[in-house]
Amino acid sequence: MTLTTPEKGVGSATGLPSLGPEGTRLLRLLDDTFEGWGVAAGARPMTMPPLLPAADLAKLDYYDNFPHQAVVAAPLDLERRATTPFDTTAGRFPSDALEPAALGLPSASCYAVYLTHQGTRVADDTLVTICSWCFRKETHYEGMRRQLGFRMREIVAIGGREHAENHLAEFTTRIQSFAKALDLPLRREAACDPFFDKGSSKAVLQRLTPVKYEFLYEDLAIASVNTHRNFFGERCDITLASTGGPAFTSCVAFGLERWLSALTRRHGSWEAAERAVLDAGASGAAGPVI
């Protein structure tokens, strides 16, 4: 199927749009570019599961901090299903037909990285890059701009405080240079994700010193740089090999479908958007592509 307009397609209204050949090619080109940035910086490519134990996400305060975005999954209860079948009118299984929801669909790729490293000692300059499906419940869905299921490429730093901070500074420059080469005007704005309990001292510090900056095209955030200080290091018992203390973490995130939206809105078509990315690569602004 070839989509005539990038923002439309089967499933757009439900937050689950499809991509034709042109969109798929551009998405892969962008992801190869961003992954190449991570690998060139020393990141280890990894593959993470699409679902995580809900108990593990709860340990990270995910359901306290992001209940409005949370999506969970549950298998069918085969005994109850006989008496509570699929509701064809509502288009869903009744809750009585399901086993308890013990699996969570994370809203960001990096949660799996911290959980994978829990209980381990890491080098001060550890880097990981992943691309995972992420899921967010929204009040409404809109083409490639706002989706229930989408792909997120992340480059995650785990290690010393300086390593985590330098990671964000370096990739802030990289994103801005890439956007300039793409003729994609982005503005950088402070944002706030409540990783910490609202009443804690860390929450007060977060309000004084932003922990998240987003890069917006028009009103759409397509990338972000995020510092978590030692929150995940403490919660997941990730310690530094050099000192034994909790690791600091930070991540750079790219919403791939949102980049598709921004580029096609700016350049007018799949073909023109792809050409802009290729030209940025030829100029050296895109950096290495693997």
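Overview of values
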{"item": "Karplus (6.51, -1.76, 1.60) ³J(HN,Hα), θ = phi - 60°, over the stretch 51-57, in Hz, Gly and Pro reported as x", "result": "10, 10, x, 4, 5, 5, 5"}
{"item": "Gaussian network model of the chain, Cα within-10 Å springs - most flexible of 84, 47, 14", "result": "84"}
{"item": "Cβ-based charge dipole, the chain, positive-most Cα from 216, 24, 158", "result": "216"}
{"item": "Stretch gain in nm, segment residue 282-residue 82, where the contour uses 0.36 nm per residue and the Cα spacing is subtracted", "result": "66.0 nm"}
{"item": "The chain: radius of gyration and largest Cα-Cα distance (Dmax), Å", "result": "20.0, 63"}
{"item": "Phi to ³J(HN,Hα) by Karplus 6.51 cos²θ - 1.76 cosθ + 1.60 over the stretch 139-153, Hz, x for Gly, Pro", "result": "5, 7, 10, 8, x, 8, 7, 9, 10, 6, x, 8, 9, 10, 8"}
{"item": "Cα-centre dipole for the stretch 101-150 with unit charges at Cβ (Lys and Arg positive, Asp and Glu negative), debye to 20", "result": "200 debye"}
{"item": "Solvent-accessible area, 1.4 Å probe, carbon plus sulfur percent, for the chain", "result": "53 percent"}
{"item": "Tally of Lys pairs whose C-alpha atoms are under 21 Å apart, taken over the chain, 8 or more apart or cross-chain", "result": "7"}
{"item": "Mean accessible surface per residue for the chain, computed with a 1.4 Å probe while every protein chain stays in place, in Å²", "result": "47 Å²"}
{"item": "Helical contribution to [θ] at 222 nm, DSSP H n ≥ 4, -39,500 (n - 2.57), averaged over the chain, rounded to 500", "result": "-10000 deg cm²/dmol"}
{"item": "Long-range amide H partners of residue 107 with built H, under 5 Å", "result": "135"}
{"item": "Backbone HN-Hα couplings from phi across the stretch 174-189 [Karplus 6.51/-1.76/1.60, Hz, Gly and Pro as x]", "result": "4, 4, 5, 5, 5, 4, 5, 5, 7, 6, 10, x, 10, 10, 9, 10"}
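The values are calculated or read from the model by the stated rules, or taken from the named source; none is laboratory data. Bear in mind that the values here come from a model prediction, so they are computed numbers and not experimental data. Note that each Cβ is placed from the backbone with ideal geometry, even for glycine, and that neighbours are counted across all protein chains shown. All accessible areas refer to the heavy atoms of the entire protein, side chains included, with ligands and DNA or RNA removed. Shrake-Rupley method; radii C 1.70, N 1.55, O 1.52, S 1.80 Å.
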